[in-house]
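Working notes, beginning with the structure itself.
The values are calculated or read from the model by the stated rules, or taken from the named source; none is laboratory data. Computed from a prediction, not measured in an experiment: that's the story for all the values here. Reconstructed Cβ throughout: ideal geometry from the backbone, glycine too, with neighbour counts over all protein chains shown. These area figures cover heavy atoms from the full protein model, side chains too; ligands, DNA and RNA do not enter into them. Shrake-Rupley method; radii C 1.70, N 1.55, O 1.52, S 1.80 Å.
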Amino acid sequence: MIIEDPYKSLNPPIYPSAVYLFDSIEELIDFVSSKEKRRFEYGRYGNPTNSYLELIIAQLEKAESAYVVSSGMSACTIPLLTFLDSGDHVILTSDMYLKTRNFIEKTLSKFNIQSTVVFPSNEEILGAIRPNTKIVFSELPTNPFYYVIDLKPLSEELKKRNILLFIDSTLASPINCRPLEYGADLVIHSLTKYFSGQNDCIAGAIAGSKQLIEKIREFNGAIGAILPAELSYKIFRSTKTMALRMDYHNKTTLEIADFLSKHPKIKRVYYPLHPSHPHYEIAKKYLKGGGCLLTIELDGNLESLKRFCNSCKIFKIGPSFASYESLLDPPYIMSHWDVPDEERKKMNIFEYTLRISIGLENKEDLMQDLDQALKKI
Ligand code: PLP
């Protein structure tokens, strides 16, 4: 729903109101009896600024509809809670954002929802299907090793079995991939990342068919994980430059991945569009660019990681990605510190693993910074 602006403003206004008024009781009766809501009533059910951003996201994803929520995590959890019932089964991939994995494995199991974790490949996903499988949840590409599932044939198989396919495409952004075009049922984003690009707000979005999105919107009406209009405007503002930023991220990160892959102090580089990546051929099919993230294994140990990270001058140590600033995220410490050693090894996370977010700074400066820090290990 888009409000026609009487002042012809180029940018959408920010509507901070929690309450939207009715002129008469007749108008209120009309509103509550109509199935399709054509106006606003109360801020927890939506507001005009959010609707504007939702329209933009739907257009970018070529979706019938989109819905913005309070965080990327709510964009992952609310659709799962909307469509799963007690007794259902979910398939998820071993490489994915740990908080989402924990939610599916640990929280949903409290509601008698079972799950199976598999390597991100069609063979493994299809092999894990049970009669009660309701949803397959994967990232594209996955985090932090950037595997890419073969979306089209997978979605075709899942449709035959009435299983929903949810794709968290935060690492791709709609500039690099549009999963709905390949048959995914929902695409999920942490808007905190590429859409915002500024590391100054937390937000999420879900896009898909009108029917699925309306169910999610209704469910969240009772959960209340809404995005304030002020933040919607901030995201809208940054979304205008997303394609330009992605272009720089894609080109610079590929070059840096190549530079690092030849460096003697580095054992291995993971970047989806680098020929050394095990999923390079599938990645080329689905990704227009590889994005700003790459993961390296230093030839060393925790000491080497400390020396390298502490020696970087431009790169800062911090979580998240896709902002102006280049960031270093050692997953062994940052996100997987409490994961038992055996589990962590199975996830391929070691003391010397480092995820790097390449920012928008000068490419040569970034390479020099990495090079001088690698000399210190
Ligand atoms: N999905 C992915 C792939 C992520 O990397 C993240 C956060 O890093 C999230 C979801 C959660 O997003 P947010 O931090 O906006 O809640």
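Those residues that are under 16 Å from THR353 (Cβ atoms) and crowded, with 21+ Cβ neighbours inside 10 Å, I need them from region 315-327; list them, please.
PHE315, PHE321, LEU327
Is region 130-141 home to any residue that is assigned to a helix (DSSP H, G or I), open to solvent by 10 Å² or more (accessible area, probe 1.4 Å) and without any contact (Cβ under 8 Å) to a residue 12 or more places away in the chain? I'd like the intermediate steps shown before the answer.
Taking region 130-141 as the starting set, the residues that turn out to be assigned to a helix (DSSP H, G or I) are none.
No, that holds for no residue.
Which one of these does SER326 not meet: (1) in contact with a Gly (Cβ under 8 Å, 6 or more places away or on another chain); (2) farther than 23 Å from SER261 by Cβ; (3) of a type in the set (S, T, N, Q)?
(2)
Mind listing whichever residues of region 201-218 are touching a helix residue (DSSP H, G or I) at 6+ places or on another chain (Cβ under 7 Å) and either at pLDDT below 95 or assigned to a loop (DSSP other than H, G, I, E, B) (or both)? Can you show your working first?
The first filter runs over region 201-218 and keeps only residues touching a helix residue (DSSP H, G or I) at 6+ places or on another chain (Cβ under 7 Å), leaving 201, 203-208, 215-216.
Matches in region 201-218: CYS201, ALA203.
Go through region 290-304 and report how many residues are over 14 Å from LEU370 (Cα atoms) and surrounded by fewer than 21 Cβ atoms within 10 Å (Cβ to Cβ). Before the answer, list the steps.
Narrowing region 290-304 to residues over 14 Å from LEU370 (Cα atoms): 290-293, 299-303.
Cutting the leftovers down to surrounded by fewer than 21 Cβ atoms within 10 Å (Cβ to Cβ) gives us 299-303.
The total comes to 5.
Only strands (runs of 3 or more DSSP E) wholly contained in region 265-377 count here; list those with 2 or more residues that are within 16 Å of the ligand (Cβ to nearest atom) and not assigned by TED's automatic domain parsing to the domain that holds SER169.
On the way: elements: 266-270, 293-298, 327-329, 353-357.
Of the strands (runs of 3 or more DSSP E) lying wholly inside region 265-377, those with at least 2 residues that are within 16 Å of the ligand (Cβ to nearest atom) and not assigned by TED's automatic domain parsing to the domain that holds SER169 span 293-298, 327-329, 353-357.
Mind listing just one residue for me: the one in region 207-234 that is open to solvent by 10 Å² or more (accessible area, probe 1.4 Å) and among the β-branched types (Val, Ile, Thr) and, of those, nearest to GLU64 (Cα to Cα)?
Going through the qualifying residues, I end up with ILE226.
When the residues of region 177-215 are filtered to those that are among the β-branched types (Val, Ile, Thr) and within 16 Å of the ligand (Cβ to nearest atom), which remaining residue is farthest from VAL136 (Cα to Cα)? Even if it seems obvious, please write down each step before you answer.
The first filter runs over region 177-215 and keeps only residues among the β-branched types (Val, Ile, Thr), leaving 187-188, 192, 202, 206, 213.
With within 16 Å of the ligand (Cβ to nearest atom) added as a condition, the list becomes 187-188, 192, 202, 206.
Numbers: VAL187: 12, ILE188: 13, THR192: 24, ILE202: 25, ILE206: 16 Å.
Once the filter is applied, the top-ranked residue is ILE202.
Scan region 20-70 for residues that are touching a residue at least 40 places away in the same chain (Cβ under 8 Å), of a type in the set (Val, Ile, Thr) and farther than 19 Å from ILE223 by Cα and jot them down.
If we filter region 20-70 for residues that are touching a residue at least 40 places away in the same chain (Cβ under 8 Å), which is where we start, we get 43-58, 60-70.
Filter again for of a type in the set (Val, Ile, Thr), leaving 49, 56-57, 68-69.
Of everything in region 20-70, those that are touching a residue at least 40 places away in the same chain (Cβ under 8 Å), of a type in the set (Val, Ile, Thr) and farther than 19 Å from ILE223 by Cα turn out to be THR49, ILE56, ILE57.
For (1) modelled with pLDDT under 95; (2) within 24 Å of ILE377 (Cα to Cα); (3) open to solvent by 10 Å² or more (accessible area, probe 1.4 Å), each residue gets a yes or a no:
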residue	(1), (2), (3)
PHE236	no, no, yes
MET242	no, no, no
ASN250	no, no, yes
ILE256	no, yes, no
PHE259	no, yes, yes
ILE266	no, yes, yes
LEU273	no, no, yes
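Select from region 39-55 the residues that are closer than 15 Å to LEU21 by Cβ and surrounded by fewer than 15 Cβ atoms within 10 Å (Cβ to Cβ) and list them in ascending order.
The answer is ARG39, TYR42.
Please go through region 39-71 and give me each residue that is within 21 Å of TYR182 (Cα to Cα) and among the aromatic types (Phe, Trp, Tyr), ordered by number.
Once the filter is applied, which keeps residues that are within 21 Å of TYR182 (Cα to Cα) and among the aromatic types (Phe, Trp, Tyr), region 39-71 yields only TYR67.
Residues are listed down the side, and each one gets a yes or a no for (1) crowded, with 20+ Cβ neighbours inside 10 Å; (2) within 16 Å of the ligand (Cβ to nearest atom):
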| site | (1), (2) |
| --- | --- |
| PHE31 | no, no |
| GLU61 | yes, yes |
| SER65 | yes, no |
| CYS76 | yes, yes |
| PHE83 | no, no |
| GLY87 | no, no |
| LEU98 | no, yes |
| LYS110 | no, no |
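From the list TYR233, TYR248, which one is of a type in the set (Ser, Thr, Tyr) and in the same structural domain as GLY291 (by TED's automatic domain parsing)?
On the way: TYR233 fails: in the same structural domain as GLY291 (by TED's automatic domain parsing).
Exactly one residue qualifies, and that residue is TYR248.
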